[in-house]
1. Which numbered condition in (1) at pLDDT below 85; (2) within 26 Å of Ala587 (Cβ to Cβ) is the only one that Ile290 fails?
2. Filter the range 480-500 down to residues that are touching a residue at least 60 places away in the same chain (Cβ under 8 Å) and surrounded by fewer than 22 Cβ atoms within 10 Å (Cβ to Cβ) and give me whichever is nearest to Gln239 (Cα to Cα).
3. Look at the range 273-307 and say how many of its residues are β-branched (Val, Ile, Thr) and under 16 Å from Ala582 (Cα atoms).
4. Among what's in the range 273-288 and is open to solvent by 20 Å² or more (accessible area, probe 1.4 Å) and part of a helix (DSSP H, G or I), pick the residue that is nearest to Arg41 (Cα to Cα).
5. Here are the criteria: (1) touching a residue at least 40 places away in the same chain (Cβ under 8 Å); (2) surrounded by fewer than 24 Cβ atoms within 10 Å (Cβ to Cβ). Tell me which single one Ile137 does not satisfy.
6. Sort out which residues of the range 9-60 are buried (at least 22 other Cβ atoms within 10 Å of the Cβ) and not in a helix (DSSP H, G or I), and write them in order of number.
7. Of all residues in the range 1-50, count the ones that are under 30 Å from Pro372 (Cα atoms) and touching a residue at least 12 places away in the same chain (Cβ under 8 Å).
8. If you go through the range 159-174 one residue at a time, how many are surrounded by 23 or more Cβ atoms within 10 Å (Cβ to Cβ) and at negative phi?
Amino acid sequence: MTHLTGVDYAVMLLYFVFVLGIGFTLKRSVKTSEDFFLSGRSIPAWVTGLAFLSANLGAQEVIGMGASGAKYGIATSHFYWIGAIPAMVFVGLFMMPFYYGSRARSVPEYLKLRFDEKTRALNAVSFATMTVFSSGISLYAMGKLLNLLLGWSFDVSILIAAGIVLAYIFFGGLTSAIYNEVLQFFLIVLGFAPLVFLGLRAVGGWHGLSAKLAAAAVTNGYAPGAYTRSWAFMGHASQNPVGVEWFGLVMGLGFVLSFGYWCTDFLVVQRAMAANSMTAARRTPLIAAIPKMLFPFLVIFPGMIALVVTSPRAAPAASAVVAPAAVVAEAPAGLVPPKIDAATGQPLHDARGRVVLDYDMATPMLLVNFFPAGLLGLGLTALLASFMSGMAGNVTAFNTVWTYDLYQSYVRPGQDDAHYLRMGRIATVAGIAISIACAYVATRFNNIMDFLQLVFAFVNAPLFATFALGMFWKRTTGHGAFAGLVSGTLAAAIHHGLSLPAGATAGVKGGYFGVVTTYPSELAQTFWTAIFAWVTCFVVTILVSLVTRPRAEAELTGLVYGLTAKPQDTVLRWYERPIVLASVVLALTLVLNLIFF
């Protein structure tokens, strides 16, 4: 257990007071349901841009990407440079005009306008389920962190953490969440930049880190550069730690999961919809993309460093987590501890007899071993900030979809605005409660990012096929969209149920229908699950649409490309135009891919 000083606690307490103060202060400005759910569509682009990024920058990214950095190396950067940036550019240039221009209050409501009620209902239910799962992952990560650092029980930790998030969303709604997300963005940068600096200095800079990771790669049966080069070993799944070839990576992550998340997930789209103009809404994801492309250096590098660095302190790093000498002996040379069997107190082993590492602890272990008093409080506060921004984003999206798309539409339609505002606050409490239950499901995975990507494969992958056809093919029908979504989700379940990652046992990780094929890693299984879901939804939607009656073109104005007027940029400066920002973002992303090729 880590012993924090008074200075560390003071930094954390100051943050808690400030966050809760924002919620209580903004309570006065929340007078209508639109204020609570959409911030009255009054927030400037730079604020919504940082909130767009921070809503995704939850504990599952800060801790999960650090875990993936330790597990997969620099190849984790694919989640950013092909798995985020191109999709963020696409949603800003092409999809925000439909979302913002239609004045829809949520993504499911856009589906109602474009298709029909049943498609909206299906997406609302699946999205609400996904958000509480994702929120539960954030709770799990933070509960585990507080258990390690402060010695609190896991149960007490998640209850306290959930209570803080509940308080400031309950009073301030989306506006409170957005302004707290901006604060949390800067805290995360200030908290993690020193961690990367100290870690790199300890391993001898980038060249020293590369040398140590080369030895780790050879030990694990890969080429020396497998952990430090992102594309060079993607020719075959067996040549890289991710366990996927270039096609599965580009199609599964770069296209299906990436576009499925950034283009259709109301969690992030909601931030852009709170912007004060169409141009600001389009610029929101483009502004967010600039810091997003640099975040691998803040969140992936700590995991890579933790895999090979030794603690600068006298006590072994693993002893902070586990006491038995046998456990310490089985721990890796770096700071990443083994995952412990709760029943025996001994390290877990996979089906191949290898110790299962607790990759989720990579970044926290680096933090507690390298940060001195005071700075440790800042680092811990940065982790708390990442948890709060991610969980708050999911909860605000959940309460909006529940209230507008489910409760108002099917349970109590026609009530006054004050009634729906009260329901939004009740939904906030319910969303937090369900998230707590989901936190316990996340304990079954040794990398929470793998678990989150699997959830996206079931929900977002088929949804993106529906959106792509609905927005760009006017012949798509509501019956086709609904049949496609159902078929895509079933295809994901069938593929996942017939496959299994190497070393795993049948159960929550797949194989529950029988094992037909085995993938080298959980991510490889997830990417191909997403591909099967997307292709199935795409094909079924087209086939059903061709034999069902389409809507009249007049009803699709503002909802389909080609039937919607092109948005006019209202900015005066040329460098503020969305197309210019998009070009700069894509050029810089290409450069980063080439540098780490």
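The values are calculated or read from the model by the stated rules, or taken from the named source; none is laboratory data. Only a predicted model underlies this, so the values are computations on that prediction, with no experimental measurement involved. Note that each Cβ is placed from the backbone with ideal geometry, even for glycine, and that neighbours are counted across all protein chains shown. Ligands, DNA and RNA are stripped out before the accessible areas are found, and what is left, the full protein with its side chains, is counted by its heavy atoms. Shrake-Rupley method; radii C 1.70, N 1.55, O 1.52, S 1.80 Å.
1. Unmet for Ile290, out of (1) at pLDDT below 85; (2) within 26 Å of Ala587 (Cβ to Cβ): (1).
2. Among residues in the range 480-500 that are touching a residue at least 60 places away in the same chain (Cβ under 8 Å) and surrounded by fewer than 22 Cβ atoms within 10 Å (Cβ to Cβ), the one nearest to Gln239 (Cα to Cα) is Thr489.
3. 4
4. Met278
5. Every listed condition holds for Ile137 apart from (2).
6. Those that are buried (at least 22 other Cβ atoms within 10 Å of the Cβ) and not in a helix (DSSP H, G or I): Val30, Ile43, Leu57, Gly58.
7. 17
8. Of the residues in the range 159-174, 7 are surrounded by 23 or more Cβ atoms within 10 Å (Cβ to Cβ) and at negative phi.
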